[in-house]
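Worksheet: the structure to be examined is printed underneath.
The values are calculated or read from the model by the stated rules, or taken from the named source; none is laboratory data. Quantities reported herein were computed from a predicted structural model and do not represent experimental measurements. Quick reminder, even Gly has a Cβ in these numbers, built from the backbone with ideal geometry, and neighbours come from all protein chains shown.
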């Protein structure tokens, strides 16, 4: 596959992944245990289903295509890339926490959402700004 097609598919997969993360992050930060237990159960089920069927596979595809681009493009030893990968690992870990919280949100008697997840929309946006800046500017 041509390198430019890999880039296009990688960007598309990242866009779907981050879009799904933002939906989950905003929903989780907006709801508390009491609201989730009796209110928007249908919305939570729909977002959770979307997360499992679309967001999670998009994250996997973004990782596979990104690593393929690193190897095909010979980017392995670049310092900016190491920083980018660190941010991507952090976003992946945050996504794992968001996916788990999304599944647990409608469960009665569960503990409240952690303070960290209440700021997750900001963390997702900050991570994406850092990644795009590193990829475009390649500051070091």
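Yes or no, residue by residue, for (1) farther than 20 Å from residue 121 by Cα; (2) touching a helix residue (DSSP H, G or I) at 6+ places or on another chain (Cβ under 7 Å); (3) at pLDDT 85 or above:
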| site | (1), (2), (3) |
| --- | --- |
| 13 | no, yes, yes |
| 16 | no, yes, yes |
| 22 | no, yes, yes |
| 25 | no, yes, yes |
| 28 | no, yes, yes |
| 34 | yes, no, no |
| 40 | no, no, no |
| 44 | no, yes, no |
| 48 | no, yes, yes |
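Please find, within the range 82-103, the residue that is farthest from residue 47 (Cα to Cα) out of those that are free of Cβ contacts under 8 Å to residues at least 24 places away in the same chain and surrounded by 15 or more Cβ atoms within 10 Å (Cβ to Cβ).
The initial filter retains those residues of the range 82-103 that are free of Cβ contacts under 8 Å to residues at least 24 places away in the same chain, namely 82, 85-86, 89, 93, 96-97, 100.
Pick out the ones that are also surrounded by 15 or more Cβ atoms within 10 Å (Cβ to Cβ) and you get 85, 97.
On the way: 85: 27, 97: 15 Å.
Across the range 82-103, the extreme among qualifying residues is 85.
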Selected residue (criterion: nearest to the chain's Cα centre (by Cα)) from residues of the range 108-128 that are exposed (fewer than 12 other Cβ atoms within 10 Å of the Cβ) and without any contact (Cβ under 8 Å) to a residue 60 or more places away in the chain: 122
Of the numbered conditions (1) touching a helix residue (DSSP H, G or I) at 6+ places or on another chain (Cβ under 9 Å); (2) more than 21 Å from residue 29 (Cα to Cα), residue 133 satisfies every one except a single condition; which is it? (1)
Checking 64, 131 in turn, the sole residue that is part of a helix (DSSP H, G or I), within 15 Å of residue 11 (Cα to Cα) and free of Cβ contacts under 8 Å to residues at least 24 places away in the same chain turns out to be 64
Within the range 67-93, track down each residue that is in contact with a helix residue (DSSP H, G or I) (Cβ under 7 Å, 6 or more places away or on another chain) and assigned to a loop (DSSP other than H, G, I, E, B). 75, 76
